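Visitor: My structure is below; once you've seen it, I'll send some questions.
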Amino acid sequence: MHIETPRMTIRNFTPKDAPDLYEIFGDEETMENCEPAYDLGKTQSFLSSFCIARKGAVAAVHRKTNKMIGYILFNEYEEDVYGQVEKGRFPQPLAFSEKMRKNGMNL
């Protein structure tokens with residue numbers, strides 16, 4: 001998948017996204033109502049086995065900085081129907097770290 005807007009790119013994950021994804025999954029505040037924050041190893045495992053191998057999520061990348069700032073997670077919640085998304089605190093279209101949200105990332 002590859003979708004571009006003037007400020008953001010939605011694309012498939014790559015292994016190089018691990019540090020940026022860890023900023024989200026390793027953030028206790030972001031993961032507060034989901035599950036315990038991930039360590040780097042668990043983040044890398046999720047990235048390789050789910051995001052990349054199963055194509056279960058795509059990366060949201062800030063074009064100006066080329067930083068992966070969020071993800072869109074796809075879960076099958078009815079037979080052959082995709083599109084459920086999740087964010088650490090409550091369902092939203094994209095999951096962003098609380099730091100990004102607090103800094104007013106303009107997408």
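Visitor: Can you confirm whether the range 56-67 contains a residue that is among the β-branched types (V, I, T) and assigned to a helix (DSSP H, G or I)?
Guide: No, the range 56-67 contains no residue that is among the β-branched types (V, I, T) and assigned to a helix (DSSP H, G or I).
Visitor: Across the range 1-47, what is the total count of residues that are part of a helix (DSSP H, G or I) and β-branched (V, I, T)?
Guide: Total meeting the criteria: 2.
Visitor: For the range 1-33, give me each residue that is under 15 Å from I52 (Cβ atoms) and among the small types (G, A, S).
Guide: A18
Computed from the coordinates by the stated procedures, all read-outs in this text should not be read as laboratory data. Quick caveat: nothing in here was measured; it's all calculated off a predicted structure. We place every Cβ from the backbone using ideal geometry, glycine too, and count neighbours over all the protein chains shown.
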